[in-house]
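To start, the structure under review is shown below, and the notes come after it.
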Amino acid sequence: NADQFPAVWQKLQKTINMSKKIIVCHNSGFDINVLRELFTFYKISTTKFYYLDTVNLGKLTWSTENYKLSTLANYLNIGLNHHDALSDATASAKIAIKSLEKHKSTDFNRVLENSRFGYGVLERNKNTPMSSSKVKKVSLKVKNQIDKSKKKTVPKKAPAKKVAPRKK
């Protein structure tokens, strides 16, 4: 009795604005292409979004025998119950964070700027993987934008009065 993909995608879109997030996955060739095929099959139009593949982040960051999720997780001492969706996603996120730490950066733009990889891009029916992408910089910062439907008015507090110290 699980929801069909369109219902799941709609719930996800209400929770997460994909155009203002970077998706992190492992072996994006599979994940992103399945997502693209689902959009096509269900005739869902989607906004462009960017993604990072931890296979490629691993290649930029560490020298390991291979870049499988289980290998990277083991190398980095990250717990993994392989092929459990939540565990795989959590491990991928932790690998991405550890890549930033290893590069002494808080920004993937800096990690990618002088590399052979760019951000992966999924838009409409086109997937541009990190290995082909020329996108080296993504700005997702939102300045002073408030969802007015959820905005709560908070009364302004009166400035505190200065009280002179008591004389003895």
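The values are calculated or read from the model by the stated rules, or taken from the named source; none is laboratory data. These figures come from a predicted structure and were not determined experimentally. All Cβ positions, glycine included, derive from the backbone under ideal geometry; neighbour counts span all protein chains shown. Accessible surface areas use protein heavy atoms only, side chains included; no ligands, DNA or RNA. Shrake-Rupley method; radii C 1.70, N 1.55, O 1.52, S 1.80 Å.
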Could you calculate the FRET efficiency of Lys137 with Trp62 from 1/(1 + (r/R0)^6), where r is the beta carbon distance between them and R0 is 30 Å, rounded to 0.05? 0.80
Give me the three principal axis extents of segment 53-126 from the C-alpha atoms, as integers in angstrom, largest value leading. 33, 31, 23
Shape parameters for segment 1-75, alpha-carbon atoms, Rg then Dmax in Å: 15.0, 44
Spin-label pair Thr15/Leu38, simplified geometry with 7 Å Cα→Cβ offset, distance in nm: 1.2
For segment 1-150, report the accessible area per residue in Å² (1.4 Å probe, heavy atoms, rounded to an integer). 66
Tell me, in nm to one decimal, what length is gained between Glu101 and Thr47 on full extension, where the rule is 0.36 nm per residue of separation less the Cα-Cα distance? 16.4 nm
In this model, which of Lys68/Lys137; Lys20/Lys94; Lys20/Lys59; Lys94/Lys134 are farther than 30 Å apart at the alpha-carbon? none
Ordering Arg36, Arg116 by the accessible surface of their heavy atoms, 1.4 Å probe, largest first, yields Arg116, Arg36
I'd like the accessible area for Met18, computed on protein heavy atoms only with a 1.4 Å probe and all protein chains in place. Round to 10 Å², please. 10
